[in-house]
């Protein structure tokens, strides 16, 4: 289908398609350990299920609420009993909690920075300062805390993926009332670009 707004690509996908099917043999994650922030709900839960389908040996999911992490773990266990899912309660803005999770997980192959926040919709000059800045606290500082805590325990040929936002490429007209979200996501994009330059041994992607 055509993109619903200006896009870098001419084709827009709103569902999975054959070339990214996690069941493809060449996409196997057998023997790999995957870490996913915000892994208990929403997009994070879908990512967790996809890596389980791809055969990951171990998946560590981070989130703020133990109940939702446990729910995700049970869903995966019901279908993929061979996949070990560990849960780690950690708000990504909490440096010490993220460092604790990193120690618990130890070695990893794939790190997914997925936890994020969409601030309340409002024109820039009418926005609440604390609500506006919360987007930066979670999206930017949260991503920073995650990569800083986990990078030292990466394994050879590690991959880091930032779940970013396609909306950052659109014009101001399409970004109106979402200034906190789009601005913070631009900052995240640059952060991971620098991460890639500083760590050439790691495959870094911002999606």
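Bear in mind that the values in this text are calculations on the coordinates, not laboratory data. All values reported here derive from a predicted model rather than from experimental measurement. Every residue, glycine among them, receives a Cβ derived from its backbone with ideal geometry; neighbour counts consider all protein chains shown.
Could you work out the percent of alpha carbon pairs in segment 23-206 separated by over 21 Å, rounded to a whole number? Walk me through the numbers on the way to the answer.
Numbers: 8409 of 16836 pairs.
So the portion of pairs separated by more than 21 Å is 50 percent.
Could you work out how far helix 179-198 tilts from the main Cα principal axis of the chain, as a 0 to 90 degree angle to the nearest 10?
50
Out of all DSSP beta bridges in segment 23-206, what portion is antiparallel? Express it as a percent rounded to 5. Each step should come with its number before you reach the end.
On the way: 1 of 24 bridges.
Of the beta bridges lying entirely in segment 23-206, close to 5 percent run antiparallel.
Among 13, 88, which comes first, then next, by fewest other beta-carbon atoms within 10 Å?
Details: 13 10, 88 21.
With the fewest neighbours first, 13, 88 line up as 13, 88.
Can you tell me the relative contact order of segment 21-91? Whole percent, Cα pairs under 8 Å, sequence separation 6 or more. Can you show the working numbers first?
On the way: 140 pairs, mean separation 22.8, N = 71.
Normalised by residue count, the contact order of segment 21-91 is 32 percent.
For segment 121-207, what is the convex hull volume of the alpha-carbon atoms per residue, in Å³? It would help to have the intermediate numbers written out before the result.
Values: hull volume 7.3 nm³, N = 87.
Spread over its residues, the Cα hull of segment 121-207 gives 84 Å³ apiece.
If you stretched the chain out fully between residue 153 and residue 27, how much longer would it get, using 0.36 nm times the residue separation minus the C-alpha to C-alpha distance?
Going from the current span to full extension adds 43.1 nm.
If you average the sequence gap of Cα pairs under 8 Å that are 6 or more apart and divide by the length of segment 82-207, what percent do you get for the contact order?
Numbers: 174 pairs, mean separation 38.3, N = 126.
It rounds to 30 percent for segment 82-207.
Set the Förster distance to 30 Å, then compute FRET efficiency between residue 96 and residue 177 from the Cβ-Cβ distance, nearest 0.05.
Details: r = 34 Å, r/R0 = 1.15.
With a Förster radius of 30 Å, E is 0.30.
Which value in nm describes the separation of the simple spin-label points at residue 66 and residue 13, placed 7 Å from the Cα toward the beta carbon?
The modelled label-to-label distance comes out at 3.8 nm.
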